[in-house]
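Throughout, read-outs are computed from the coordinates displayed, never taken from laboratory work. Fair warning: this is a prediction, and the values are worked out from it, not measured in the lab. With ideal geometry, Cβ positions are generated from the backbone for all residues, glycine too; neighbour counts draw on all protein chains shown.
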Amino acid sequence: DAKTTQPTSMDCAEGRAANLPCNHSTISGNEYVYWYRQIHSQGPQYIIHGLKNNETNEMASLIITEDRKSSTLILPHATLRDTAVYYCIVRVHGSGNTGKLIFGQGTTLQVKP
Amino acid sequence: GAGVSQSPSNKVTEKGKDVELRCDPISGHTALYWYRQSLGQGLEFLIYFQGNSAPDKSGLPSDRFSAERTGGSVSTLTIQRTQQEDSAVYLCASSLFEGIEAFFGQGTRLTVV
């Protein structure tokens, strides 16, 4: 799987948008971008994924650059409960692939009052 | 069940003893993954099951570690002759099939004393 790089930590004011960047410059054409988060002492939680189009769900938006070498996860109105480690992962879909997630160190997002 | 269930939630064992950790995946999920997370570290992939077979065991750290899955459902991770470096949170995840979003349990915190 392609390697991703993320900032180690970020702060965000409560109620403001949190924009978490991720670089994946060696991503292959059949690799998707996934985001998970891990709140302290809990298992990781799926947030969103995409291939090349921007995606939005009830939790977040995912913006993928046209060359697919980077992406940004956007939490539109961050709350204190969004404080967590956010992982950006690229993985291949389809039969014959295990779909295992390779976690890096992630970005620790601290939402402050 | 409603989510991935792991038991026990906490386990303290003496060095040299064997331990078994259990994972009940979401009903109908064919793919099952085991990860571990040492204190302050990222998630480390251990093993992947598709049904009852394990096509990817590449993350098992030594031959003291083994896992099985029966009936395409419950999985057990066994650690023989535990060592202090085995202390970690062991996380299980399942997905409907390989390659799509995985749902994680809350983990088993293993402490070897």
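A simple rule links phi to the HN-Hα coupling: the Karplus curve 6.51 cos²θ - 1.76 cosθ + 1.60 with θ = phi - 60°, which for the range B:55-69 gives x, 9, 10, 5, x, 5, x, 7, 6, 6, 9, 8, 8, 9, 9 Hz, with x for Gly and Pro.
Would you list, by chain and number, the lysines whose Cα falls below 27 Å from the Cα of A:K3, excluding same-chain residues fewer than 8 positions away? Of all the lysines, those that pass the test against A:K3 - Cα under 27 Å, at least 8 places apart if same chain - are A:K52, A:K69, A:K100, B:K57.
Along its principal axes, the protein assembly as shown has C-alpha extents of 50, 41, 32 angstrom, given from the largest down. Legend note: in chain A, cysteines whose Cβ sits 4.7 Å or more from every other cysteine Cβ are A:C12. Direction-averaged projected area, Cα convex hull, the range A:13-91: 5.1 nm², rounded to one decimal. Summarising the amide proton neighbourhood of B:L46: residues at separation of 5 or more, or on other chains, whose placed amide H is nearer than 5 Å comprise B:W34, B:Y35, B:R36. Per-residue shielding of A:39-47, expressed as the average number of other chain Cβ atoms within 10 Å of the residue Cβ, stands at 5.
Taking 11 Å as the cut-off, no amide N atom of the range B:7-49 comes nearer than this to a point 7 Å along the Cα-to-beta-carbon line of B:Q83. In this simple spin-label model, placing a label point 7 Å from the Cα along the Cα-to-Cβ direction at both A:S25 and A:Q105 gives a separation of 1.8 nm. Annotation: amide H of A:A78 within the under-5 Å range of A:G15, A:R16, A:A17, A:A18, sequence separation 5 or more or interchain, hydrogens built in the peptide plane.
Which whole number gives the average count of other chain Cβ atoms within 10 Å of the Cβ atoms across peptide B:100-109?
5
Counting only Cβ charges, +1 for Lys and Arg and -1 for Asp and Glu, the dipole size of the protein assembly as shown around its Cα centre is about 280 debye. With the simple model of a label 7 Å out from the Cα in the direction of the Cβ, B:T13 to A:T65 spans 4.7 nm.
Modelled label positions at B:E44 and B:L96, each set 7 Å beyond Cα in the direction of Cβ, lie 3.3 nm from each other. The mean count of C-beta atoms from other chains within 10 Å of the C-beta of residues in B:42-49, rounded to a whole number, is 4.
Scoring B:19-27, A:14-22, B:58-66, A:62-70 by mean Cβ neighbours within 10 Å over their residues and listing the highest first yields B:19-27, A:14-22, A:62-70, B:58-66.
Phi-derived couplings, Karplus 6.51 cos²θ - 1.76 cosθ + 1.60 at θ = phi - 60°, listed residue by residue for the range A:70-87: 8, 8, 9, 8, 10, 9, x, 9, 5, 10, 4, 6, 7, 4, 5, 9, 10, 10 Hz, with x used for Gly and Pro.
Using the Karplus relation 6.51 cos²θ - 1.76 cosθ + 1.60 with θ = phi - 60°, the per-residue 3J(HN,Hα) values for the range B:39-49 come to 3, x, 10, x, 7, 10, 5, 10, 7, 10, 10 Hz, with x marking Gly and Pro.
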